[in-house]
Amino acid sequence: MNKVAVIDYGMGNLHSVTKAIEYSGREKKGKIKAFATCDKKLIESADRVIFPGVGAIRDCMAEIKRLNIDKIIEDAIKLKPVLAICVGMQALMEFSEENDGVECLGFVKGQVKHFDKNFMDSNGRRIKIPHMGWNKVKQVNSHPLWKEVPDNSRFYFVHSYYVQAENEMKITGITDYGARIISCLTDDNVFATQFHPEKSQEVGLTLLRNFLEWDGERRC
Amino acid sequence: MTLAKRIIPCLDCDRGRVVKGVKFVDIRDAGDPIEIAKNYCEAGADEITFLDITASYEDRNTTIETVQGIAGQVFIPLTVGGGIRALEDIRIMLNAGADKIAINTAAVENPDLVRRASERFGSQCIVVAVDAKQVASDGKNLKWEIFTHGGRNPTGLDAIEWVKHMVECGAGEILLTSMDRDGTKQGFDLMLKKKVSQAVQVPIIASGGVGTLEHLAEGVLEGEADAVLAASIFHFGEYSIEEAKIYMASRGIEVRL
């Protein structure tokens with residue numbers, strides 16, 4: 001049994017993530033179990049953990065602290081593969097500009113910035129904010145989660161803030177949206193995506209399937 | 001710039017069936033929403049929009065079950081609208097598997113709902129749907145008015161000013177339907193799309209009037225829309241999503257192929 005805990009701290013729709021995990025592992029019938037929970041023991045019992053997030057970072061961080069999720073994530077990233085998605089990725093950083101500035105978990109060195117209103121697209125038009133829709137992800141540095149995912153595949157994004165990481169070696173995917181933004185990064189057994197794999201059809205399901213098989217090492 | 005322009009098939013649903021009306025009346029049956037959503041997803045649709053057109057009057061449970069059914073099998077974004085009146089309606093639909101919620105009439109009756117919803121759930125999932133009708137056409141001074149209740153009630157609100165206000169309240173996207181064109185297959189009201197797209201910085205979904213693939217391309221190239229929404233040209237098999245994308249790509253538009 002491959003148990004996947006999707007951390008539930010009351011921020012948004014976890015139905016899609018759990019359904020997509022089960023669907024991506026459907027060929028291993030009966031062996032994948034995905035469940036949304038904030039229970040420490042259940043998360044400890046899982047083989048791998050998904051840390052999702054939607055909405056505003058201040059509310060997310062408040063709930064993370066109130067439910068002691070910060071401690072649970074800190075423990076999980078020492079022990080097992082963790083996939084952080086969207087605001088989950090942003091929450092791993094040190095600080096976000098959103099909501100007049102919010103201290104985040106600080107597990108990865110770097111900041112979360114707002115898209116500059118004056119960023120231009122290649123047609124010379126101001127970019128739309130949020131960055132919403134299907135954009136290309138250029139794979140940088142090899143990683144087991146990229147197995148069978150074609151380079152420059154389009155994934156589904158929806159966000160107004162983006163991550164800047166200090167250590168270039170941790171970057172695994174970049175995307176162009178008025179500026180070069182980090183769409184994926186990895187830190188030991190954590191893999192984080194700004195896009196939503198659970199909403200990115202075949203390429204997203206492939207990435208989730210790779211996560212189900214990942215042992216947390218970076219080598220391919 | 002590599003962000004693709006989106007093609008969004010729209011499922012207007014009445015008691016669990018996909019239907020399509022002409023200018024909001026004269027409705028035809030087009031089939032089972034879960035099957036149709038799956039087919040569109042496989043054909044390359046970038047999102048699905050599900051509008052419960054009778055939600056104001058009918059039992060909501062059918063809609064919730066349908067949304068759950070689509071979300072469990074279709075792994076692209078799903079927008080749900082129709083009869084959304086309160087934060088609780090939004091929460092129920094998000095929990096059923098919707099990614100975005102379209103608010104129309106309730107936004108006009110209670111603009112604070114948009115503000116509270118975007119604070120509570122995030123702007124990224126709050127789509128304000130507007131039905132606009134051209135009310136003046138004296139040369140340069142085109143004007144459009146907002147209508148509610150499926151296009152039945154005039155509000156006196158200027159469409160451009162209204163959309164700006166909704167974005168200030170936290171709308172993350174605008175679903176812009178021109179009532180003059182809806183169901184007519186004469187093409188989008190391109191001037192309306194362009195004016196709205198230039199007035200705000202959030203993405204605009206153009207809707208209402210698509211009859212040909214050329215219309216979809218115009219919506220992006222001339223209307224400056226970020227996404228194009230259509231129903232009948234896809235439901236009744238006139239064009240496939242794939243044909244639409246290939247055509248748009250041939251016009252130099254970035255699409256996800």
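The values are calculated or read from the model by the stated rules, or taken from the named source; none is laboratory data. This one's a predicted model, so the numbers in the text were calculated from it and none came from an experiment. In this analysis, Cβ positions are derived from the backbone assuming ideal geometry, glycine residues included, and neighbour counts consider all displayed protein chains. In case anyone asks, the SASA skips ligands and DNA or RNA and just uses the protein heavy atoms, side chains included. Shrake-Rupley method; radii C 1.70, N 1.55, O 1.52, S 1.80 Å.
Of note:
- All positions within region B:173-196 that are within 14 Å of chain A (Cβ to nearest Cβ) and buried (at least 23 other Cβ atoms within 10 Å of the Cβ): B:173, B:174, B:175, B:176, B:193, B:196
- Whichever residue in region A:133-152 is within 14 Å of chain B (Cβ to nearest Cβ) and open to solvent by less than 10 Å² (accessible area, probe 1.4 Å) and, among such residues, is nearest to residue B:78 (Cα to Cα): A:133
- Hits in region B:89-126 - residues which are part of a strand (DSSP E or B) and within 9 Å of chain A (Cβ to nearest Cβ): B:100
- Test: residue in region B:184-203 that is at pLDDT 95 or above and in a strand (DSSP E or B): no
- Residue A:205 being over 28 Å from residue B:205 (Cα atoms) and part of a helix (DSSP H, G or I): no
- Exactly one residue out of B:228, B:255 is touching a Leu at 6+ places or on another chain (Cβ under 6 Å), open to solvent by less than 60 Å² (accessible area, probe 1.4 Å) and either outside any loop (DSSP other than H, G, I, E, B) or within 23 Å of residue A:132 (Cβ to Cβ) (or both): that is B:228.
- Among the criteria (1) more than 14 Å from every other protein chain (Cβ to nearest Cβ); (2) closer than 16 Å to residue B:122 by Cβ; (3) in contact (Cβ under 8 Å) with a residue 60 or more places away in the chain, the one residue A:112 does not fulfil is (3).
Residue by residue, here is whether (1) of a type in the set (D, E, K, R); (2) touching a helix residue (DSSP H, G or I) at 6+ places or on another chain (Cβ under 9 Å); (3) over 10 Å from residue A:89 (Cα atoms); (4) within 13 Å of another protein chain (Cβ to nearest Cβ) holds:
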residue: A:164; (1), (2), (3), (4): no, no, yes, no
residue: A:170; (1), (2), (3), (4): yes, no, yes, no
residue: A:178; (1), (2), (3), (4): no, no, yes, yes
residue: A:185; (1), (2), (3), (4): no, yes, no, no
residue: A:188; (1), (2), (3), (4): yes, yes, yes, no
residue: A:195; (1), (2), (3), (4): no, yes, no, yes
residue: A:198; (1), (2), (3), (4): yes, yes, yes, yes
residue: A:201; (1), (2), (3), (4): no, yes, yes, yes
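- Listed by position, the helices (runs of 4 or more DSSP H) enclosed by region A:4-97 that each have at least 1 residues that are within 14 Å of chain B (Cβ to nearest Cβ), open to solvent by 60 Å² or more (accessible area, probe 1.4 Å) and of a type in the set (D, E, K, R) are A:15-24, A:57-66.
- Restricting B:163, B:167, B:135 to those that are in contact with an Asp or Glu (Cβ under 6 Å, 6 or more places away or on another chain) and aliphatic (A, V, I, L, M) reduces the list to B:135.
- Conditions (1) within 11 Å of chain B (Cβ to nearest Cβ); (2) surrounded by fewer than 18 Cβ atoms within 10 Å (Cβ to Cβ); number of the one not met by residue A:213: (1)
- The single condition among (1) more than 14 Å from every other protein chain (Cβ to nearest Cβ); (2) under 25 Å from residue A:182 (Cβ atoms); (3) surrounded by 17 or more Cβ atoms within 10 Å (Cβ to Cβ); (4) touching a strand residue (DSSP E or B) at 6+ places or on another chain (Cβ under 9 Å) that residue A:106 does not meet is (3).
- Summed over region A:109-132, residues that are open to solvent by less than 60 Å² (accessible area, probe 1.4 Å) and within 21 Å of residue A:157 (Cα to Cα) total 12.
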